[in-house]
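Taking it in order: structure first as structure tokens, then the write-up.
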Amino acid sequence: MTVKWDNRTIEEKILLGVTAAAVLILSPFLIKSVFEHNYLRTLVDLVAVCGISVIFIGVWFTSRVKLFSGLFAIIAHVNILFGIYIVGSDLIFWLFPIIIASFYLLPTIIACLLNALLISIAGVLTYQQFNEFSLPLILASLIVTGIFSLIFSLFMQRKNRQLSEKDKISQLRNNILELIASSSKLSKVLSAVVEGIENELPRAMCSISLLDNTAKQLRLAAAPSLPSFYYDAIDVVNVADGVGTCAQSVTLGKRIIVADIASHPNWRPLAHLADKANLVSCWSEPIISHLGNVLGTIAIYFDRLSKPTDNEISLVEQFVNLTRIAIERDTADNIIWHQANFDNLTNLPNRHLLHEHLTNAVDNAERDKKQLVIAMLDLDNFKDVNDSLGHSAGDSVLIECAKRIKSTIRKNDIVARLGGDEFIIAFVGTTVPDDINKIGQKLLSTLAQPYIIEHKNVYCTASIGLAFYPNDATTIEELLRNADQALYRAKSRGRNSIHYFTENMSTDFLKRMEIMRDLRTAVEQKQFYMVYQPIVNLSTQRISKAEALIRWQHPHKGMISPLEFIHVAEEIGLIVELSEWIFNEVSQQVNSWRKRFCPELTISINTSPVQYKNNGAQINAWADSLLLRGIPCEAISLEITEHLLMENQLEAVEALDKVRLHGMSVAIDDFGTGYSSFAYLKDFDFDFLKIDQRFVQNMSADNKDTALCEAIIVMASKLKMSVIAEGIETEQQKQLLIKAGCTFGQGYLFAKPLSVADFEALLVEQNSTLIVSESIKGKN
């Protein structure tokens, strides 16, 4: 089977071209000899053409260039001598191209010997056919031709070797660059560099050492040819010790050459090992980054006394540059990978890497038939840290929090930061729930310790939600979702606690998601309306205040309780829009009622912690709106809870102080249900205090609830606050409160929450009663 021309080597192409040209050149001579009936000449030419044709056919079908090159040269030598013997001296001039071609077709020594033999035999065969002057001249020209051909052949061989070496180095360089471009492992690239240097420097052994992150130690990265005992000895070298040539090369940042290891002072600690490994001389070349920093060294060892030549230095410098490129590429790849998979602030795995870890953890748990616990952890009141101390302080808390989590969990557990103040912990290989509870409680205790920020103690507790594989879920997405639901429950039940996922949470979650969806539609379609519950002056029995309460009339589900949707509206941010609608409705209505029925009427509006964010912008805007529309600010009262103060203490206090200056009153609602209610009374100014209905509803003569209510009323009076008792349902409760000195009452004994029309009718009835009463007094 023949080889296509494009796939043949350059040597094949040259030999085929030469033989074809020779046949074409000799063919006319053969034809001429035939026509001239010169049988001897015809025989010579025919032998030459046939022999060369055989060479051409052999090369064409076998591609065995060396074999047929030798045959071609031998045939040419024999044929020309045969021709000279038969034809005579006329053919002697063919010796010139044959001599020149021999140095290409044959090895140099063989070509010299054959050419010398050729010239000698040709001289013997033709010496009688030339005169004394011509023969020496021809022989001299043949010898000179042979000498110049020899010189040119040696020159070309040298050039070919140089080109071959360069081509070989280029091939090695390209192979290494290809490894780098394909993001091969650095160890593979460095091994290829060592192999390349050792191939190019005979009897040399090479090693590559890299500086560690501290820049204080050199660590061996590649040294395949060094004996294992010597490898172990130089695996880690302290740069400061200055042992060997590599440490000195790193310190000075330049080439270090030691011609005799045995006599060099830096090699004394390793001299016996070097001698055992037959290492006589050494040369270290620093690897320097494009920024000028030393990255490591390449060391070349020889088994003889030796110093590198300029060519060897140039060669190794090329490999040093390739090594630098490989190291910097590997560093860049590691940085990119780290940025893509780790959180920049805490250096914990991020969401992307977490998914990989959890996938492996779930697979392992399924294989080993063990549990996997996913914990979602969220810092409580973290926003207060950012708002009060700044985001740099918040970042410091997150960094310290990450360190505390890592120090608390086990080594095989996984921790990652999802973003903000949310962390995920995967407890791997767990079997006993008590162990998880112990670790969880330890986490809560550790994270509750104060954070030292700018020489101040900052407190930030955490809430944890737990979900178990496979009991609670079998997929990563479900596990994370269920852990999130458990976290939400932990948050809603007081925070700084652990909560386990239950099936009820899944139902609650779906219900909450449905409410979220319906709420957005309800806001757009205005499915809400307001009701008003009167607040009665207990001494005069007159209505001078009322609490505005929102109601949601769903077109398909009917009435939905505020307890079900208010907290959801706060979560998704709709509470601001909803509160704005409430304020506009209530402010217009109270303005109308004050003008028509009750000039001193005040309507209270419940406020949410969300409304006090951004320095209480919405609350301040309400006061400005009242002033702009000519509505007295005294017409609106704001109700706040202890929970609100806990979440937005600084912002809430500043906003409330501003609106109180305009005339708005402020009431603290549900007093007595929190842990710090009395502390808030001491630190902040309120106009009204509303006793929680749980105290009022259980009041009876001489019981504890009555005593508590009496104490609260006395305390409020001392602090110059009026008291409003909520949840009054019986006449006995009313009389006990009047006796205790309570100013206002609210509850079903007086009226349930009323529609606009019903509340307005109550005001009309109150005015009518007042007119009749004054008329009777006038008659008397």
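The values are calculated or read from the model by the stated rules, or taken from the named source; none is laboratory data. This is a predicted model, so every value here is computed, not measured. Heads up, the Cβs are rebuilt from the backbone with ideal geometry, glycines too, and the neighbour counts pull from every protein chain shown.
For every residue, the table says whether it meets (1) in contact with a Leu (Cβ under 8 Å, 6 or more places away or on another chain); (2) hydroxyl-bearing (Ser, Thr, Tyr).
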| site | (1), (2) |
| --- | --- |
| 85 | yes, yes |
| 95 | yes, no |
| 101 | no, no |
| 108 | yes, yes |
| 113 | no, no |
| 116 | no, no |
Single match in 450, 433 (criterion: in contact with a Phe, Trp or Tyr (Cβ under 7 Å, 6 or more places away or on another chain), assigned by TED's automatic domain parsing to the domain that holds residue 484 and more than 17 Å from residue 487 (Cα to Cα)): 450
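Every residue, every condition in (1) surrounded by fewer than 18 Cβ atoms within 10 Å (Cβ to Cβ); (2) under 20 Å from residue 223 (Cβ atoms); (3) not polar (S, T, N, Q), yes or no:
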site: 284; (1), (2), (3): no, yes, no
site: 312; (1), (2), (3): yes, yes, yes
site: 347; (1), (2), (3): yes, no, no
site: 352; (1), (2), (3): yes, no, yes
site: 356; (1), (2), (3): yes, no, yes
Helices (runs of 4 or more DSSP H) wholly inside region 582-691 that include at least 1 residues being within 18 Å of residue 569 (Cβ to Cβ) and modelled with pLDDT of 80 or more: 613-629
In region 249-297, the residues that are under 24 Å from residue 310 (Cα atoms), of a type outside the set (Gly, Ala, Ser), within 34 Å of the chain's Cα centre (by Cα) and in a loop (DSSP other than H, G, I, E, B): 290
In region 1-12, residue modelled with the lowest pLDDT [restricted to those that are in a helix (DSSP H, G or I) and surrounded by 14 or more Cβ atoms within 10 Å (Cβ to Cβ)]: 11
Unique residue being assigned by TED's automatic domain parsing to the domain that holds residue 374 and in contact (Cβ under 8 Å) with a residue 60 or more places away in the chain when the list is 486, 490: 486
The lone exception for residue 134 - which of (1) modelled with pLDDT under 80; (2) surrounded by 13 or more Cβ atoms within 10 Å (Cβ to Cβ); (3) farther than 30 Å from residue 35 by Cα it fails: (2)
Tally of residues being in a helix (DSSP H, G or I) and exposed (fewer than 13 other Cβ atoms within 10 Å of the Cβ) across region 743-766: 4
Test: residue in region 315-333 that is assigned to a strand (DSSP E or B) and more than 30 Å from residue 283 (Cα to Cα): no
Residue within region 189-201 that is assigned to a strand (DSSP E or B), of a type in the set (A, V, I, L, M, F, W, C) and either at pLDDT 90 or above or closer than 14 Å to residue 316 by Cα (or both) present: no
Output for region 64-101, where each listed residue is more than 19 Å from residue 23 (Cβ to Cβ) and among the hydroxyl-bearing types (Ser, Thr, Tyr): 85, 89
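Each row is one residue, and each column tells you yes or no for (1) crowded, with 16+ Cβ neighbours inside 10 Å; (2) more than 52 Å from the chain's Cα centre (by Cα).
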| site | (1), (2) |
| --- | --- |
| 565 | yes, no |
| 569 | yes, no |
| 584 | no, no |
| 596 | no, yes |
| 613 | yes, no |
Residues located in region 405-418, provided they are under 24 Å from residue 457 (Cα atoms) and surrounded by fewer than 18 Cβ atoms within 10 Å (Cβ to Cβ): 406, 407
Check on residue 539, touching a residue at least 60 places away in the same chain (Cβ under 8 Å) and either loosely packed, with under 15 Cβ neighbours inside 10 Å or more than 24 Å from residue 728 (Cβ to Cβ) (or both): yes
Residues (in contact with a Cys (Cβ under 9 Å, 6 or more places away or on another chain) and either part of a strand (DSSP E or B) or not assigned by TED's automatic domain parsing to the domain that holds residue 314 (or both)) located in region 234-248: 237
Among (1) in contact with a helix residue (DSSP H, G or I) (Cβ under 7 Å, 6 or more places away or on another chain); (2) not in a strand (DSSP E or B) - the single one residue 373 does not satisfy: (2)
Residue in region 411-424 that is free of Cβ contacts under 8 Å to residues at least 40 places away in the same chain, of a type in the set (A, V, I, L, M, F, W, C) and out of contact with any Gly (no Cβ under 9 Å at 6 or more places or on another chain) present: no
Among the candidates 182, 207, 228, residue that is of a type in the set (Gly, Ala, Ser), without any contact (Cβ under 8 Å) to a residue 24 or more places away in the chain and farther than 19 Å from residue 334 by Cβ: 228
Top-ranked residue of region 234-248 - restricted to ones that are farther than 16 Å from residue 294 by Cβ and under 37 Å from the mean Cα position of the chain (by Cα), ranked as surrounded by the most Cβ atoms within 10 Å (Cβ to Cβ): 234
Region 334-345 - residue that is in a helix (DSSP H, G or I) and surrounded by 12 or more Cβ atoms within 10 Å (Cβ to Cβ) and, of those, farthest from the chain's Cα centre (by Cα): 338
Test result for residue 487, over 25 Å from residue 690 (Cα atoms), assigned to a helix (DSSP H, G or I) and among the hydrophobic types (A, V, I, L, M, F, W, C): yes
Which listed residue, of 295, 315, 279, is under 21 Å from residue 209 (Cβ atoms) and modelled with pLDDT under 90: 315
Scope region 32-71; condition surrounded by fewer than 14 Cβ atoms within 10 Å (Cβ to Cβ), touching a residue at least 40 places away in the same chain (Cβ under 8 Å) and closer than 11 Å to residue 15 by Cβ; matching residues: none
Scan of region 278-293 for residues that are within 23 Å of residue 192 (Cβ to Cβ) and out of contact with any Ser or Thr (no Cβ under 8 Å at 6 or more places or on another chain), ordered by number: 279, 288, 289, 290
Index of the failed condition, residue 547 passing every other in (1) within 50 Å of the chain's Cα centre (by Cα); (2) assigned to a strand (DSSP E or B); (3) in contact (Cβ under 8 Å) with a residue 40 or more places away in the chain: (1)
Any chance residue 398 is farther than 17 Å from residue 444 by Cα and either under 20 Å from the mean Cα position of the chain (by Cα) or aliphatic (A, V, I, L, M) (or both): no
Complete set of residues in region 717-727 that are surrounded by 14 or more Cβ atoms within 10 Å (Cβ to Cβ) and farther than 11 Å from residue 538 by Cα: 717, 721, 722, 726, 727
